[in-house]
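Here's the structure we're looking at; comments come further down.
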Amino acid sequence: MKLLSVNVGLPREIEWNGRIVRTSIFKAPISGRVRVSKLNLEGDQQSDLSVHGGIDKAVYVYPSEHYTFWREELTMADLSWGAFGENFTTEGSLDDRAVHIGDRFRVGSAEFVATQPRMPCFKLGIRFGRADIIKRFLRSGRTGFYLAVVKEGEVTDGDSIQLLSRDEHGITIADVVNLYAADTSNQELLRRASELAALPESWRKYFRKRLWNPDD
């Protein structure tokens, strides 16, 4: 597994549907070693910490393999690395169906843990100039995922990505997306997800509310 591109961006103001919106969805590749802190990468900054960034969402990962699908779906779009607002564009076995919540990785001298999928918001529509991308993104099953920083350090494009440990509970990024989007009938998986320590409390609380018999 490999880090193909490190992408950063600062907030900018964009006119969208008649109003000014502050967004950091626009990321661009950066060369050289980049410092990784607990909250973000050097040169990167989130605009709305209520939905992006913070301890549990310090780094957003998007597999380069997903770009093949989107280049067929969005033929007129500029799809250079970082197009989906990701910090890390990766290569290798980091698909949403392969990465577990709680998996730990080393990239460069930094260490990370996978915490949750990326849920699209209207700013993805701003990035591509089309509101329908939000539903299409979620429906595609290609959401990518967030990392929390376990150990601060430095990364650069070309670094290998090493799996340090696989979470024993076996709940994938795709499992969480499916539970969120459609699969409330899978109560056994819903219960397991609601008790998953590596999943942020806001997600666990959301899943607990969807249990039919939460106190059993």
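The values are calculated or read from the model by the stated rules, or taken from the named source; none is laboratory data. Quick caveat, the model's predicted, so the values are computed rather than measured. With ideal geometry, Cβ positions are generated from the backbone for all residues, glycine too; neighbour counts draw on all protein chains shown. Surface accessibility is based on the protein's heavy atoms, side chains included, excluding ligands, DNA and RNA. Shrake-Rupley method; radii C 1.70, N 1.55, O 1.52, S 1.80 Å.
Kindly provide the helix-only [θ] at 222 nm of the chain, computed as the sum of -39,500 (n - 2.57) over DSSP H runs of four or more divided by all residues, to the nearest 500 deg cm²/dmol?
Helix-only estimate at 222 nm: -6500 deg cm²/dmol.
Between Lys2 and Glu201, what length in nm is gained on full extension when 0.36 nm per residue of separation is reduced by their alpha carbon distance?
This chain segment gains 68.6 nm when fully extended.
Taking the Cα centre of region 74-162 as the origin and placing charges on Cβ (Lys, Arg +1; Asp, Glu -1), which of Phe88, Phe112, Ile126 is farthest toward the positive end of the dipole?
Ile126
Measuring from label point to label point, each 7 Å out along Cα→Cβ, what is the Glu65 to Asp78 span in nm?
Each label point is offset 7 Å from its Cα along the Cβ direction, giving 2.8 nm.
What is region 76-216 by shape, rounded, prolate or oblate, if you read a ≥ b ≥ c off the alpha carbon gyration tensor as root eigenvalues and call it rounded for a/c under 1.5, prolate for a/b larger than b/c, and oblate otherwise?
Oblate, since a/c reaches 1.5 and b/c is not below a/b.
By average Cβ neighbour count within 10 Å, what is the ranking of 160-172, 124-136, 82-94, 140-152 from highest down?
Ranked by mean Cβ neighbours within 10 Å, highest first: 82-94, 140-152, 124-136, 160-172.
Sort the following peptides by mean Cβ neighbour count (other Cβ atoms within 10 Å, averaged over residues), highest first: 67-73, 104-110.
Per-residue mean Cβ counts within 10 Å order the peptides as 104-110, 67-73.
So what is the accessible area of the chain per residue, in Å², with the probe set to 1.4 Å? Kindly include the intermediate steps, with their values, before the conclusion.
Working: 10370 Å² over 216 residues.
Heavy-atom accessible area per residue stands at 48 Å².
Given labels modelled 7 Å from the Cα in the Cβ direction, how far is it in nm from Glu154 to Arg22?
Modelled inter-label distance: 3.1 nm.
Under a 10 Å cutoff between Cα atoms, tell me which one of Ile173, Ile55, Ile25 has the largest fluctuation in the Gaussian network model of the chain.
Highest fluctuation among the options: Ile55.
Using a 1.4 Å probe on the protein chains only, how many percent of the accessible area of region 59-216 belongs to carbon and sulfur?
Roughly 46 percent of what the probe reaches on region 59-216 is carbon or sulfur.
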